[in-house]
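Each reported figure results from applying straightforward, stated rules to the coordinates on display, with no laboratory input. Computed from a predicted structure; not experimentally measured. Ideal geometry is used to build each Cβ from the backbone, glycine not excepted, and the neighbour counts take in all protein chains shown.
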Amino acid sequence: MHGANHQIHHQSSSLVEDHLDPFSLVADELSLIGDRLRSMVVAEVPKLASAAEYFFRMGVEGKRFRPTVLLLMASALNVRVPEAFANTLGDDLTTELRMRQQNIAEITEMIHVASLLHDDVLDDAETRRGTGSLNVVMGNKLSVLAGDFLLSRACVALAALKNTDVVALLATVVEHLVTGETMQMTTSSDQHCSLDYYMQKMYYKTASLISNSCKAIALLAGQTTEVSMLAYDYGKNLGLAFQLIDDVLDFTGTSTSLGKGSLTDLRHGIVTAPILFAIEEFPQLREILDQGFDNPENVDIALEFLSKSHGIQKAKELAMKHANLAAEAIESLPETDDEDVRKSRRALVDLTQIVITRNK
């Protein structure tokens, strides 16, 4: 596949300079956002508050991947206020815009964590981010209510932005999350084995949130339709690459590194990209899928077919293809001489590499 051989960092690109740690570039802002998130999920009822803040606590808050992407995107797209206004409105306008873009990062993280809480209930998950999942610790009912509470808090914060285009974008994301989860629960036999169907479902469940949030960042910055779509394309392809590598790690990773049991998806009857590619080489594997995986022997048979196939390699190649498309979106942005903007764009390109080479 062309994508597997194509280097993400194009030699002709002006973005190819020293590698940066994308997370360290926005570390201070991530800390502020973490503090604000913890204050935003305080609830009147102590038990609900405890449940809502479960994954926002220090130590289990994760790497804040989505807020990092959005803060870097904000820096990559923000146009400096002209010098003529620098001493009057300039600083205030820049600060206000940055605050609003930070709000998008906070809203996105709340929607994301809400979806995790709901997913864990639907999947009967036992662990998340290396600790006990909320549904195991506090029960399914409280987990669902905590997810609903986070969505409601996200909606309040979203309304405060008073931007109808941005509200519409992120409201669509919530619809997509529900649509994707429903697609996963109600697949027919043909859909179960369709890569196109799987990619559409994956977009709804994973990539829609980051792509539309990136677009929201661009809209708040007053960017053109073309630039806003490039931001969207970056988020969409980065999200798809991220999920495809998750698919691979479900087979190749360990419970310790992933924070969840290996073969989680397969044991739940969720067919992901590596298996779908394996079916192309071994059509008889489809019969095993149709039987389901309640029988542990079917899991072993499916893994045997997978090991004989190029399924894992092809899933990695598809992830690489989407990572390249994400990098190309950043490289297609209008040229700039602003070093801070260039640095953020380099970091966004570096993130595409980090996503496909991670092991957890």
Could you work out how far the C-alpha centroid of segment 308-348 sits from that of segment 160-212, in angstrom? 22
Relative contact order %, segment 188-314, counting alpha carbon pairs below 8 Å whose residues are six or more apart: 22
Nearest-20 debye value, segment 166-256 charge dipole, Cβ charges on Lys, Arg, Asp, Glu: 220
Sequence neighbours fewer than 8 away in the same chain don't count; with that in mind, list the lysines whose C-alpha is under 25 Å from LYS314. LYS201, LYS205, LYS236, LYS260, LYS360
How far apart, in nanometres, would the label points at ARG358 and GLN291 be if each is projected 7 angstrom from Cα along the Cα-to-Cβ direction? 3.5
Find out how many positive minus negative residues lie around ARG36, taking Lys and Arg as positive, Asp and Glu as negative, among other residues whose Cβ is under 11 Å from that of ARG36. -3
Cα gyration tensor shape for segment 145-224, rounded if a/c is under 1.5, else prolate or oblate: oblate
In what sequence, highest mean first, do 33-39, 348-354 appear when ranked by Cβ atoms within 10 angstrom? 348-354, 33-39
Could you list which residues have their amide H under 5 Å from that of SER133, counting only those 5 or more apart in sequence or on another chain, with H placed in the peptide plane? THR127, ARG128
Shape call, segment 241-360: gyration tensor on alpha carbons, a/c limit 1.5: prolate
